[in-house]
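Everything below concerns the one structure shown next.
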Amino acid sequence: MFKDKTVFITGGSRGIGKAIGLKLASMGANIVIAAKTTEPHPKLEGTIFSAAEEMEKAGGKALAVKCDIREEGDVTAAIAAAVEKFGGIDILINNASAINISPPSALPLKQYDLMQDINARGTYLVTRHCVPHLRKSSHAHILTLSPPLSLNAEWFKHFAPYTLSKFGMSMITLGYSHELKKDKIAANCLWPRTTIATAAVQNILGGDELMKRSRKPEIVADAAAVILAKSPSEFTGNFCIDDEILASAGITDLAHYAVTPGGDLQTDIFL
């Protein structure tokens, strides 16, 4: 299904983006890692180069491209490099995201701008420039890591700026799904049922204790593969939850995804 398909992943040097890349690489895909990390960081594992190396070891081909999705020049250059190396783009994964769960009254403007620029604006910008290449693909998908939309005040009273940025990603993707339906380009969103063991959970949300109550990124990667295998003309405009997607494919035993086998799981925010 994914052999020789080219997958462009934003922020794919670690966490969920990297897990999706490894999954699709193991199925023969070409993976483009478009992210900022070119040098090792003391608190963050991996770089775009180490991630690309892992993609190739998993069975795919890979290209590492330094890209800040806030900068249009970076985005167009990264896409051009991907097309030059692999001949086109079939799948776009909008994974790059910034998080700060401070309430509006306490959040610095700089952090507000960062989340809006990376999350909502970045998703729009990267997708916009990938669309001409997706139109040439026979199996074109856009998949955005963002939550189902809701006006429940629970998601606004504590961290409205972050909610705005993530819902912005979802709304942009929903808009693209309707605009591009005629072109047979699917656009869907995917969100995890539980917290996922990533650097954001470890360093920002809850440390070791929350990590223990999380699932591994591989559950999101496996769900992404199920979505991306679907016909673009038949499955688009959906807000997907990882365990529901896996259940639809007959996968209901999720025990091996837990960081702590048999332990309690923490439901993710927005659900």
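Only one entry of Leu246, Leu254 meets the criterion of being more than 25 Å from Ser102 (Cβ to Cβ), under 20 Å from the mean Cα position of the chain (by Cα) and at pLDDT 95 or above, and that entry is Leu246.
Just one of the listed residues (Asn188, Asn152) is farther than 19 Å from Ile33 by Cα and modelled with pLDDT under 95, namely Asn152. In the set Ile9, Ile99, only one residue is closer than 27 Å to Asn203 by Cα, buried (at least 24 other Cβ atoms within 10 Å of the Cβ) and of a type in the set (Val, Ile, Thr); that residue is Ile9. Scanning the stretch 28-48 turns up one or more residues that are in contact (Cβ under 8 Å) with a residue 12 or more places away in the chain, over 16 Å from the mean Cα position of the chain (by Cα) and not in a loop (DSSP other than H, G, I, E, B).
Of the residues examined, Met55 is not one that is closer than 19 Å to Glu218 by Cβ and surrounded by fewer than 22 Cβ atoms within 10 Å (Cβ to Cβ).
Listed here are the residues, each with its yes/no results for (1) in contact with a Leu (Cβ under 7 Å, 6 or more places away or on another chain); (2) surrounded by fewer than 21 Cβ atoms within 10 Å (Cβ to Cβ); (3) of a type in the set (Ser, Thr, Tyr); (4) without any contact (Cβ under 8 Å) to a residue 40 or more places away in the chain.
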position	(1), (2), (3), (4)
Glu154	no, yes, no, yes
Ser165	no, no, yes, no
Tyr176	no, no, yes, no
Glu179	no, yes, no, yes
Ile185	yes, no, no, no
Asn188	yes, no, no, no
Ala199	yes, yes, no, no
Met211	no, yes, no, no
Ser214	no, no, yes, no
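Looking at Ile48, Ile93, just one residue is within 20 Å of Leu190 (Cα to Cα) and of a type in the set (Val, Ile, Thr), and that residue is Ile93. Which one of these is crowded, with 17+ Cβ neighbours inside 10 Å and either of a type in the set (Asp, Glu) or not in a helix (DSSP H, G or I) (or both): Ala106, Ala120, Ala62, Ala82? Among Ala106, Ala120, Ala62, Ala82, only Ala62 is crowded, with 17+ Cβ neighbours inside 10 Å and either of a type in the set (Asp, Glu) or not in a helix (DSSP H, G or I) (or both). Restricting the stretch 1-16 to residues that are modelled with pLDDT of 95 or more and not in a loop (DSSP other than H, G, I, E, B) leaves a set whose member that is nearest to Arg70 (Cα to Cα) is Thr10. Taking the stretch 228-247 as the range and being in a loop (DSSP other than H, G, I, E, B), free of Cβ contacts under 8 Å to residues at least 60 places away in the same chain and among the hydrophobic types (A, V, I, L, M, F, W, C) as the test, only Phe235 passes.
Note on the stretch 198-220: among residues that are modelled with pLDDT of 90 or more and part of a loop (DSSP other than H, G, I, E, B), the one that is farthest from Ser137 (Cα to Cα) is Arg213.
Taking every residue in the stretch 248-271 that is closer than 20 Å to Thr198 by Cβ and pairing it with any residue that is surrounded by 11 or more Cβ atoms within 10 Å (Cβ to Cβ) and among the aromatic types (Phe, Trp, Tyr), at least 6 positions away or on another chain, the pairs with Cβ-Cβ distances below 9 Å are Asp268/Trp191; Ile269/Trp155; Ile269/Phe159; Ile269/Tyr162; Phe270/Trp155; Phe270/Phe167; Phe270/Trp191; Leu271/Trp191.
Exactly one residue among Ser137, Ser165 is out of contact with any Phe, Trp or Tyr (no Cβ under 6 Å at 6 or more places or on another chain), closer than 24 Å to Gly175 by Cα, part of a loop (DSSP other than H, G, I, E, B) and modelled with pLDDT of 95 or more, and that residue is Ser137.
The values are calculated or read from the model by the stated rules, or taken from the named source; none is laboratory data. Because the structure is a prediction, the values reported are computed rather than measured. Cβ atoms come from the backbone with ideal geometry, glycine included; neighbour counts cover every protein chain shown.
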